[in-house]
2 protein chains.
Amino acid sequence: MKRTLMIATALLTATNVWSQPLATCKPNTLNIPGAPYPCIMPDRTAMFRVNAPNAQKVTVSAGGRVEMTKKDDGLWYATTPPLVEGFHYYTINIDGSSVSDPATRTYFGGGLWSSAIEVPAADADFYARKDVPHGVVRQQTYYSTVTQQWRRALIYTPPGYDTSGKMQYPVLYLLHGWGENEVGWTDQGHVNLIMDNLIAEKKAKPMIIVMDNLNAAKPGEDASIYNARSVLTQAVPTPPPAPGAAPAPPRGGMPRMSNTFTEMMFADLVPTVEKNYRTLPGRDNRAMAGLSMGGFQTFNTGLTNLDKFAYLAGFSGNCGSIGTFDPKTSCSGAFTNAADFNKKVKLLYLSTGSVEGPRVKQFSDTLRAAGVNVVYFESPGTAHEWLTWRRSFNDFAPRLFR
Amino acid sequence: MKRTLMIATALLTATNVWSQPLATCKPNTLNIPGAPYPCIMPDRTAMFRVNAPNAQKVTVSAGGRVEMTKKDDGLWYATTPPLVEGFHYYTINIDGSSVSDPATRTYFGGGLWSSAIEVPAADADFYARKDVPHGVVRQQTYYSTVTQQWRRALIYTPPGYDTSGKMQYPVLYLLHGWGENEVGWTDQGHVNLIMDNLIAEKKAKPMIIVMDNLNAAKPGEDASIYNARSVLTQAVPTPPPAPGAAPAPPRGGMPRMSNTFTEMMFADLVPTVEKNYRTLPGRDNRAMAGLSMGGFQTFNTGLTNLDKFAYLAGFSGNCGSIGTFDPKTSCSGAFTNAADFNKKVKLLYLSTGSVEGPRVKQFSDTLRAAGVNVVYFESPGTAHEWLTWRRSFNDFAPRLFR
């Protein structure tokens, strides 16, 4: 109550508090209600404003770090170079402390709750909320016998699911990336809207989409797969090693695959879905896909369980390390016999952003050279970010369950 | 991708990065995975840590403002006095800039995405996730003809809803408070878990709970009902008034009621719910409740629509201003004839935290003195905060639809 009264008092005594940006600078759609900054200009430069009265130095990291300048009104301002289209996490740095911007909604990305800016894309229509029938996203609680914890999956059911009687649907298991969680595909990715639009245009079959959290550890198992960022933000400066001391061992891998996730998926998640939702049975009605680390996990889980999945996809994530990749032995040996693989797997789909490096393209080329059928997609002009994955999904989903 | 590489590089070069708090200091359950601070001691004091290498002054506002101290490891630390049990929003202030703490999940409260700490309560069992059948929380998208925008409601369906055939359920419309949104009751309030537990113990009837967003404005209408906090955080310092100038007019009211919300509710929300969910018809199967501003809204909507609701509740929110309240005329004259009111309304429920001031109690006493039947509940030791409202809901829900 004290806080409410303080705010009320401040409101009553404050007047003329708005300093509006240029009319051509459109507020970021992810801003909290009424916040005029950050805003985006027609040339895709973005303007930021921060209230940090006693700070010595303030920067914003959005598509590169930009120094902010304190203006006459006592607030800090910056304008970035033109940003790439799409959704970007960003941070503010105040006197060395990297924090989120109070002006925007936060999203779980990079292992913490981060500010975000949505730069309008020319092709934004495919993920817009349109006047079409909409599916429902459900929070499904279930107990994992493997991790011995309660877990939450988000489950998209297509329009009409509740009124379609006994109709059964195919299922796509869809995974987020490193440092994100089970809400990434809906909150950042708008996968429910993309799917609603595809179904309305009869471009994709109605399907159930299951989005779970990659973080799965048994009791006593190292759960640090998601903790890298919190190490950084909470880091204690490391003393320099003593002269002549052996170099310290590296602190575990970054994006890595989890066999515990696979075990949990088949012991707990799939049975929960198939018990509680009207799913079509068998591998021809099951697909698995993921982005970045979720792509690695998809291949880790899917390639060793081809009796359960006929469709697999990695968006900006695959299963091999170029250089050491050998189609005969890598990826659990799934590609040893290309003809067999092609007969079994109805779709192997790989995608990447055109400016995020050649790894996925090289992987796709290597597989094709070994005789494996691959559908490869590239998102023009985008990096390791959500617009790459929204576009990938939009291109991928129509190919499922045909 | 650049960011991912930077993080990976930092990880590989950083060793011994953890400075663990005392073993008796339990990490806040709302921390991001792996973050050891903030943590809570058995005496309910809380320890905070912030990485702000070049800051001059850092404070934490959690149950009062506490100055942080820079220690030898270069990080800022503070220990608060013992905190009250329950869920508290809090902020960090770095050189005058009020921001959220990167170490915790953020919640939409006070009009922005705010850090939070959960101080274990002695009675926490009633909102714990237990081994009982769990309901499902659904994100229901619908178009509002009144606001001419797409909206989202969260809808709780009780355990067994999907397999109970044609069974119909009563409906509770449940509203959040000022500066929060439609996820407040599930994310901060755990209302789904409270309900699961009550149903498992056969203390409450299975019901559908509809949680919408109070923010409802027609095109061109002032939508600033939620914008007060963004005004504060983005404030431009106000120049002092010229000598002799008239005092500036106040900037609108804070918690206020919205007739547009009521109109939208009956035109769009209730029809969406009754079309898409198996609801029991009629006022005897409809309840409305809300906290703080949502309580005001409940009385604004409910008391003028007693043909539609037989159960009404305000948690830390009512409809009158003590001092000017007159049972004969206030609150749309709903209490003019107490006997009539008592016959019509099966439950009028009011609650408050014992340390948030006497307003609700006074309101309840005034109504009782005028002959109106009121059930009044007080949460011991809590203020205008979520533990008050979790407890209120837990006491209120069993009284519904009897």
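Taking amide H atoms as placed 1.01 Å from N in the peptide plane, the amide H of B:ALA287 lies under 5 Å from those of B:VAL171, B:LEU172, B:TYR173, each 5 or more residues away in sequence or on another chain. 3J(HN,Hα) along the range B:259-267: 5, 5, 4, 4, 4, 4, 4, 7, 7 Hz, from the Karplus curve 6.51 cos²θ - 1.76 cosθ + 1.60 with θ = phi - 60°, whole Hz, x for Gly and Pro. Helix A:191-200 and the longest principal axis of the Cα set of chain A meet at an angle near 60°.
A simple rule links phi to the HN-Hα coupling: the Karplus curve 6.51 cos²θ - 1.76 cosθ + 1.60 with θ = phi - 60°, which for the range A:297-307 gives 5, 4, 6, 4, 6, x, 5, 9, 9, 5, 6 Hz, with x for Gly and Pro.
Just the C-alpha atoms of chain B: what Rg/Rh do they give, with Rh taken as the Kirkwood radius?
Numbers: Rg = 23.3 Å, Rh = 23.2 Å.
On the Cα set of chain B, Rg over Rh gives 1.00.
Of all the options A:LEU75, A:LEU350, A:LEU306, the one that moves most in a Gaussian network model of chain A with Cα springs shorter than 10 angstrom is A:LEU75. For B:ASN342, the distances from its label point to the matching points in the remaining copies are 8.4 nm, ordered from shortest, with each point set 7 Å beyond Cα toward Cβ. Dividing the C-alpha radius of gyration of the protein assembly as shown by 2.2 N^0.38 Å, with N its residue count, gives 0.97.
The interface between chain A and chain B buries about 8000 Å² of solvent-accessible area in total (1.4 Å probe, ligands and nucleic acids excluded).
Using just the helices of chain B, give the 222 nm mean residue ellipticity in deg cm²/dmol: DSSP H runs with n ≥ 4 each add -39,500 (n - 2.57), and the total is spread over all residues, rounded to 500. Let's see the in-between values first.
Values: 9 runs with 80 residues, N = 402.
My calculation for chain B gives -5500 deg cm²/dmol from helical runs alone.
Could you give the Stokes-Einstein D for the range A:24-119 in µm² per second, using the C-alpha Kirkwood radius, 25 °C, 0.890 mPa s?
The Stokes-Einstein estimate is 186 µm²/s.
The residue among B:GLY110, B:VAL183, B:TYR142 whose Cα reaches farthest toward the positive pole of the charge dipole of the range B:103-186, with charges on the beta-carbon of Lys, Arg, Asp and Glu, is B:TYR142. For the residues A:MET264, A:MET288, A:MET195, a GNM of chain A with alpha-carbon springs under 10 Å puts the largest fluctuation on A:MET264. For the range B:143-180 versus the range A:137-165, the spacing of their alpha-carbon centroids is 17 Å.
Once backbone amide H atoms are built at 1.01 Å from N, A:SER98 has no partners under 5 Å, excluding neighbours fewer than 5 places away on the same chain. Overall, the accessible surface of the protein assembly as shown at a probe of 1.4 angstrom is composed of carbon and sulfur to the extent of 55 percent. Across the range B:73-178, counting alpha-carbon atoms alone, Rg and Dmax equal 19.8, 63 Å.
Across the range B:24-119, Cα pairs under 8 Å and at least six residues apart give a relative contact order of 28 percent.
Have a look at the DSSP beta bridges in chain B and tell me what percent are antiparallel, nearest 5. Close to 65 percent.
Which is the longest stretch in chain B that no exposed loop site breaks, taking sites as GluC sites (Glu not before Pro) with a DSSP loop state and at most 16 other Cβ atoms within 10 Å? For GluC sites (Glu not before Pro) (loop position, at most 16 other Cβ atoms within 10 Å), the longest site-free span of chain B is B:1-200. Between copies, the label points of A:ASP43, set 7 Å from Cα on the Cα→Cβ line, lie 6.0 nm apart, reported in increasing order to one decimal in nanometres. If I take R0 = 60 Å and measure r between the Cβ atoms of B:ASN373 and A:THR304 in this structure, what FRET efficiency does the formula 1/(1 + (r/R0)^6) give, to the nearest 0.05? It comes out at approximately 0.40. With springs connecting C-alpha atoms under 10 Å apart, model chain A as a Gaussian network and identify which of A:PRO27, A:PRO358, A:PRO327 has the largest mean-square fluctuation. The residue with the greatest mean-square fluctuation here is A:PRO358. Secondary structure note: in the protein assembly as shown, about 65% of the DSSP beta bridges are antiparallel. Close amide-amide hydrogen proximity is noted between A:TRP150 and A:SER144, each under 5 Å apart and 5 or more residues distant or on a separate chain (H modeled in the peptide plane; Pro and chain starts excluded). Measuring spread by the Cα atoms of the range B:290-402 yields a radius of gyration and Dmax of 13.0, 37 Å. Here the contact order of chain B, divided by its residue count and restricted to Cα pairs under 8 Å and six or more residues apart, works out to 12 percent. The angle separating the long axis of helix A:2-13 from the principal Cα axis of greatest extent in chain A is about 50 degrees. Averaging the sequence gap over all C-alpha pairs within less than 8 Å and six or more residues apart, then dividing by the number of residues, gives the range B:263-402 a relative contact order of 20 percent. If we count every other residue with Cβ under 14 angstrom of B:TYR169's Cβ, Lys/Arg +1 and Asp/Glu -1, where does the sum land? Value of the local net charge: +1. Across peptide A:88-94, the mean count of Cβ atoms from other chains lying within 10 Å of each residue's own Cβ comes to 3. In terms of its C-alpha gyration tensor, the range A:128-205 has an oblate overall shape, because the principal axis ratio a/c (a ≥ b ≥ c, square roots of the eigenvalues) is not below 1.5 and a/b does not outweigh b/c.
Relative to the longest principal axis of the C-alpha atoms of chain A, give the angle of the C-alpha long axis of helix A:386-396, reported between 0 and 90° and rounded to the nearest 10°. Roughly 30 degrees, rounded to the nearest 10. Charging the Cβ of each Asp and Glu at -1 and of each Lys and Arg at +1, and nothing else, the dipole of the range A:24-119 about its Cα centre rounds to 40 debye. Each residue of the range A:309-314 is assigned a 3J(HN,Hα), and the resulting list reads 9, 9, 9, 9, 9, x Hz, derived from the Karplus form 6.51 cos²θ - 1.76 cosθ + 1.60 (θ = phi - 60°), x at Gly and Pro. Taking the centroid of alpha carbons for each part, the range B:43-95 and the range B:278-326 are 39 Å apart.
The values are calculated or read from the model by the stated rules, or taken from the named source; none is laboratory data. If you're wondering where the values come from, they're calculated on a predicted model, not measured in any experiment. For neighbour counting, all protein chains shown are included, and Cβ atoms are generated from backbone atoms with ideal geometry for every residue, glycine included. These accessible areas exclude ligands, DNA and RNA; they are computed on the full protein's heavy atoms, side chains included. Shrake-Rupley method; radii C 1.70, N 1.55, O 1.52, S 1.80 Å.
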